[in-house]
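Asks: My questions all concern the structure below.
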Amino acid sequence: MGNAGQFRYYRCENCKLVNYDLATGLGQEQFTVLDKDPTDDTDPWNLQKDQSFEFVTRYLSGPGYMLDIGCGSGRLMYVARRAGWRVKGLELSEDMAELVRRSLGEEVVVADFLAVEPNEISATAFDLVSLRHVLEHLPDCLHAMRKLRALLVPRGHVLIEIPNVDSISKKVKRFLAETGLRRPRYPDDLVIGHANEFCRASFEYLLHETGFSLIRWETYSKKPLSNFIYNHLHVGSSARALIRATGADPASEDHGA
């Protein structure tokens, strides 16, 4: 991958997780967008956040306390608050956090999720934590999932959205690149933004290793017809899942904790 083949990735034959070689760096600045209004119901940019919240409310009985990790513009926080939820955000970018504070008046903690302690985020556990297109940016997904458990009430829920590396479109692109039928061109200043990529099998493996159960997995699209198809056939390039914490962390059980 890359114009000079400088970016490398590896797929585990056992769990099917794809890991990128981060020797060339990991860039997150490209994902900062500061010109979006989280209260604008007409902005197409907000549509997928609305779909995410509708997805969650199909399976959860009522409002609670929600943490949105990588809250971005704050749209998901906004629609959850409008439905009666208490909300809080966690954001890596101070600029994005200030946008949410200014537009919504809600608290946003600025921190690296993998480094911050749960009690530095909140003294109260959360009923729901959301990570929309965050997990793939975190180099240590096992550590991330165990940190999520520490933030939740017993049997609390997590909404996770990630790219689906085994989508139809990505399989076709890989086939064309591997056979030489199409050679993609990348910007010369490209820095990899994802540390890993998941399919359903690798995601379920991660849940098993960290003490979560899968309630629902589906893929989705911005386009209504494609979204309907992907929700049922699960071949889209983006996936969303609702998961629930089970008993003790399997890693803790293995060590007799």
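Asks: For residues that are of a type in the set (Val, Ile, Thr) and over 20 Å from LYS16 (Cα atoms), scanning just region 194-243, find the one that is farthest from the chain's Cα centre (by Cα).
Replies: First pass over region 194-243, keeping only residues of a type in the set (Val, Ile, Thr): 210, 215, 219, 229, 235, 243.
Right, trim to over 20 Å from LYS16 (Cα atoms) and you get 215, 229.
Working: ILE215: 16, ILE229: 21 Å.
The residue in question is ILE229.
Asks: Is it fair to say TYR186 is aromatic (Phe, Trp, Tyr), more than 14 Å from the chain's Cα centre (by Cα), part of a loop (DSSP other than H, G, I, E, B) and more than 21 Å from SER52 (Cα to Cα)? Let's see the steps before the verdict.
Replies: Working: aromatic (Phe, Trp, Tyr): yes; more than 14 Å from the chain's Cα centre (by Cα): yes; part of a loop (DSSP other than H, G, I, E, B): yes; more than 21 Å from SER52 (Cα to Cα): yes.
It is true that TYR186 is aromatic (Phe, Trp, Tyr), more than 14 Å from the chain's Cα centre (by Cα), part of a loop (DSSP other than H, G, I, E, B) and more than 21 Å from SER52 (Cα to Cα).
Asks: Here's another thing I want to ask about it. Quick check on region 211-225: of everything there that is basic (Lys, Arg) and either within 24 Å of LEU142 (Cβ to Cβ) or without any contact (Cβ under 8 Å) to a residue 24 or more places away in the chain (or both), which residue is surrounded by the most Cβ atoms within 10 Å (Cβ to Cβ)? Give the derivation first.
Replies: To start, the set of residues in region 211-225 that are basic (Lys, Arg) comprises 216, 222-223.
Going one step further and asking which of them are either within 24 Å of LEU142 (Cβ to Cβ) or without any contact (Cβ under 8 Å) to a residue 24 or more places away in the chain (or both), we end up with 216, 223.
On the way: ARG216: 12, LYS223: 10.
The extreme case among them is ARG216.
Conditions tested, residue by residue: (1) of a type in the set (D, E, K, R); (2) surrounded by fewer than 24 Cβ atoms within 10 Å (Cβ to Cβ).
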| position | (1), (2) |
| --- | --- |
| CYS71 | no, no |
| GLY74 | no, no |
| VAL79 | no, yes |
| GLY84 | no, yes |
| ALA97 | no, yes |
| SER103 | no, yes |
| GLU107 | yes, yes |
| VAL110 | no, yes |
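Asks: Something else about it: Of all residues in region 104-121 being out of contact with any Leu (no Cβ under 7 Å at 6 or more places or on another chain) and small (Gly, Ala, Ser), which is farthest from ASP40 (Cα to Cα)?
Replies: ALA115
Asks: Can you find a residue in region 125-137 that is within 20 Å of ALA245 (Cα to Cα), within 15 Å of the chain's Cα centre (by Cα) and surrounded by fewer than 14 Cβ atoms within 10 Å (Cβ to Cβ)?
Replies: Looking for residues that are within 20 Å of ALA245 (Cα to Cα), within 15 Å of the chain's Cα centre (by Cα) and surrounded by fewer than 14 Cβ atoms within 10 Å (Cβ to Cβ), one finds none in region 125-137, hence no.
Asks: Determine, yes or no, whether GLY193 is at pLDDT below 95, within 18 Å of SER169 (Cα to Cα), outside any helix (DSSP H, G or I) and touching a helix residue (DSSP H, G or I) at 6+ places or on another chain (Cβ under 7 Å). Explain how you work it out, then say what you get.
Replies: Details: at pLDDT below 95: yes; within 18 Å of SER169 (Cα to Cα): no; outside any helix (DSSP H, G or I): yes; touching a helix residue (DSSP H, G or I) at 6+ places or on another chain (Cβ under 7 Å): yes.
So GLY193 does not fit the description; no.
Asks: Restricting to region 116-153, and then to whatever is without any contact (Cβ under 8 Å) to a residue 60 or more places away in the chain and in a loop (DSSP other than H, G, I, E, B), can you tell me which residue is nearest to SER52 (Cα to Cα)?
Replies: The extreme case among them is LEU138.
Asks: So GLU120 passes all but one of these: (1) surrounded by 13 or more Cβ atoms within 10 Å (Cβ to Cβ); (2) more than 18 Å from TRP217 (Cα to Cα). Which condition number does it fail?
Replies: (1)
Asks: Considering each residue of region 39-61, count those that are surrounded by fewer than 18 Cβ atoms within 10 Å (Cβ to Cβ), in contact (Cβ under 8 Å) with a residue 60 or more places away in the chain and aromatic (Phe, Trp, Tyr), and give that number.
Replies: 1
The values are calculated or read from the model by the stated rules, or taken from the named source; none is laboratory data. Not measured: the values here are computed from a predicted model. As a convention, Cβ positions derive from the backbone with ideal geometry for all residues, glycine included, and neighbour counts pool all protein chains shown.
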